[in-house]
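One structure below.
The values are calculated or read from the model by the stated rules, or taken from the named source; none is laboratory data. As the structure is a prediction and not an experimental result, all values here were calculated from the model. Using ideal geometry, Cβ is built from the backbone for each residue, glycine included, and neighbour counts are taken over all protein chains shown.
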Amino acid sequence: MLVRDPVDAGPVSTRRRRVVAVAAVVLGAAALGTSTTLHDEVLIEAGADAPVNSSARDPGDIRANNSPSLARNPRRAAELAVTNRVDSPDYSCALQTSRDGGRRWRDVPVRIPRGEGRKCYAPDVAFGADGTLYMSFVTLQGNGNTPAAAWVASSPDGGRTLSAPRRVVGPLAFQVRLTADPRRPKRLFLTFLQADSVGLVRFSGGDQRIQLRRSDDGGRTWSRPSRVSDPRRERILAPSAAVGPGGELYVLYLDVGDDRLDYEGAHEGNGGPPYGGRFSLVLGRSDDAGATWQESVVDDRIVPARRFIAFLPPTPSLAVDPSSGKIYAAFEDGARRPADVHVWSLARGAGRWRGPTRVNDTPAGDRTSQYLPRIAVAPGGRLDVAYYDRRRDVDDKFSDVSLQSSSDGGRTFSPHATLTNRRFDSRIGAGSEVGLPDLGNRLGLVSERSAALAVWADTRAGSVGSSKQDIAFARAAVSRPWQRSSAMQALLRYGGIVVLLGGLALLMAASRPRPRPRAA
């Protein structure tokens with residue numbers, strides 16, 4: 001009589017145990033992999049885009065609206081404001097406001113100071129911590145349209161009424177940007193490139209420098225200018241400011257090195273290949289509200305992606321996480337022709353920048369452009385990036401606007417979402433006749449906890465002949481999958497470990513040699 005060992009369940013049962021064990025190992029590994037993957041996944045559902053400026057629906061209005069800036073009222077989230085410059089047929093600027101989160105927009109007349117002519121240009125907009133709306137702009141003079149002065153106006157009612165503007169800066173202030181301190185209601189910063197002398201589409205000689213002025217009383221009075229850029233940096237452009245959670249002040253700008261092609265107008269305003277050298281992305285930091293500055297080089301190996309006019313350069317983007325104090329910088333890079341979007345990050349207290357991280361999820365070598373990124377940080381730390389994107393045109397001429405997000409501090413990004421419901425021709429705009437069509441030097445972006453709001457220059461209603469450009473707006477709902485909740489993450493992660501270990505144990509047991517039958 002043969003007695004079967006209790007451990008031995010026979011050939012069929014052994015096979016079943018092995019199948020169960022292998023299945024357990026696979027499920028455990030899948031659970032662990034799912035936990036890791038979903039931790040950083042962000043799902044974006046983009047809504048239909050819509051025009052901001054009322055003239056977008058008028059085919060007879062051929063103004064070229066571009067370079068928008070978007071701001072949201074911290075006291076009333078549904079209140080938004082957009083400013084943009086107008087390049088043709090006349091140089092001017094525009095302000096639009098919305099009280100319903102961007103569904104409807106109202107054009108706001110901008111008061112130009114008496115004696116300053118009719119040319120308002122290069123506007124910017126910001127909301128103070130108390131909900132006051134501020135707008136900056138530059139007036140132009142002469143046949144060369146050189147900056148005469150920079151001005152700031154305010155509105156206590158979200159733009160329904162706008163104060164008389166106050167003069168802040170004198171002649172030859174270029175690339176003026178306005179920034180409000182998110183914690184100090186009346187504190188404002190105005191950054192600009194102060195030139196000594198200019199020529200046709202070029203800066204010529206003298207000492208060009210990035211400067212900053214501060215107001216602590218809502219723009220009534222301003223500090224003396226402080227110099228942000230190091231005097232040894234001779235060719236600098238495109239300052240952009242942000243304020244950290246501790247009140248620290250940051251200004252990001254471009255050092256174009258020996259690029260006389262663009263900076264000194266050697267191309268005479270005509271299109272062609274970009275400068276063949278390298279640019280540096282530089283960050284200035286001040287811990288005393290702009291009185292003194294320290295410098296940090298984000299990256300000194302940036303490959304120029306295109307030719308441009310130095311007065312209107314592509315602008316790098318800067319954002320600071322309001323909770324952690326982490327700093328993010330973004331810009332385009334032409335190392336893998338024609339252009340990619342890159343992001344760099346610097347943790348609070350760290351001495352070294354991390355990056356660049358390539359944001360756009362296009363195949364390497366697809367020969368389409370992704371450029372002019374704009375970044376913003378949502379409450380909770382999510383980083384959003386909006387940029388012009390030509391991936392849907394193999395000829396690299398028609399653009400969409402894409403949005404990608406990162407929930408792990410800029411290390412990885414979600415798949416792109418297309419914000420535009422129709423692509424548009426990037427060759428339409430002032431300068432197209434000389435091979436330098438200009439969509440502007442920035443987009444606008446605001447990040448909410450569960451959404452991203454973007455504005456951009458759109459040419460779908462224009463033609464190369466008309467140069468018509470309009471401002472478009474889209475709201476994208478941003479959410480993480482349900483698995484990303486802390487409880488579900490723990491269940492997936494630790495449950496996966498238990499299943500994996502149990503499966504391995506079963507597999508080992510099922511693989512042991514069966515003991516021989518023994519006689520009774």
Leading residue by the ranking (farthest from Q294 (Cα to Cα)) among those in region 343-364 that are outside any loop (DSSP other than H, G, I, E, B) and touching a residue at least 24 places away in the same chain (Cβ under 8 Å) | T357
If the Cβ limit is 6 Å and pairs must be 6+ apart or interchain, which residue in region 390-404 that is small (G, A, S) pairs with which residue that is surrounded by fewer than 20 Cβ atoms within 10 Å (Cβ to Cβ)?
-> S402/T418
For G410: the one exception among (1) modelled with pLDDT under 95; (2) assigned to a loop (DSSP other than H, G, I, E, B) | (1)
Can you tell me which residue within region 92-104, out of those that are in contact (Cβ under 8 Å) with a residue 60 or more places away in the chain and more than 17 Å from D124 (Cβ to Cβ), is surrounded by the fewest Cβ atoms within 10 Å (Cβ to Cβ)?
-> G101
Filtered residues of region 449-460 (kept if in a loop (DSSP other than H, G, I, E, B) and surrounded by fewer than 20 Cβ atoms within 10 Å (Cβ to Cβ)) | R449, S450, R460
Residues of region 431-466 classified as hydroxyl-bearing (S, T, Y), farther than 19 Å from R382 by Cα and out of contact with any Lys or Arg (no Cβ under 9 Å at 6 or more places or on another chain), total = 3
Give A319, A310, A242, A289 a once-over and let me know the one that is under 22 Å from R227 (Cα atoms) and modelled with pLDDT under 95.
-> A289
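Yes/no matrix, rows are residues, columns are (1) among the small types (G, A, S); (2) closer than 18 Å to N143 by Cα; (3) in a strand (DSSP E or B):
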residue: A77; (1), (2), (3): yes, no, no
residue: A81; (1), (2), (3): yes, no, yes
residue: R85; (1), (2), (3): no, no, yes
residue: D90; (1), (2), (3): no, yes, no
residue: G102; (1), (2), (3): yes, no, no
residue: R111; (1), (2), (3): no, no, no
Going through region 365-378 one residue at a time, which ones are part of a loop (DSSP other than H, G, I, E, B), at pLDDT 95 or above and not hydroxyl-bearing (S, T, Y)?
-> A378
Say we look at region 309-324 and pick out the residues that are farther than 19 Å from P356 by Cα and within 20 Å of the chain's Cα centre (by Cα); which of these is surrounded by the most Cβ atoms within 10 Å (Cβ to Cβ)?
-> L312
Regarding D396, is this residue among the acidic types (D, E) and either in a strand (DSSP E or B) or buried (at least 22 other Cβ atoms within 10 Å of the Cβ) (or both)?
-> no
Result of the Cβ filter at 7 Å on region 268-290, keeping first residues that are assigned by TED's automatic domain parsing to the domain that holds A430 and within 25 Å of S345 (Cβ to Cβ) and partners that are surrounded by 19 or more Cβ atoms within 10 Å (Cβ to Cβ) and acidic (D, E), at least 6 apart or interchain, is F279/D255; S280/D255; V282/D255
Among (1) farther than 12 Å from R213 by Cβ; (2) modelled with pLDDT of 95 or more; (3) among the aliphatic types (A, V, I, L, M), which single condition is L178 missing?
-> (1)
Selected residue [at pLDDT below 50 and loosely packed, with under 14 Cβ neighbours inside 10 Å] from L32, L2, L27 | L2
Among R348, R423, which is assigned by TED's automatic domain parsing to the domain that holds P273, of a type in the set (K, R), surrounded by fewer than 23 Cβ atoms within 10 Å (Cβ to Cβ) and at pLDDT 95 or above?
-> R423
Checked P68, P89 against criteria (in the same structural domain as S463 (by TED's automatic domain parsing) and surrounded by fewer than 16 Cβ atoms within 10 Å (Cβ to Cβ)); the one match is P89
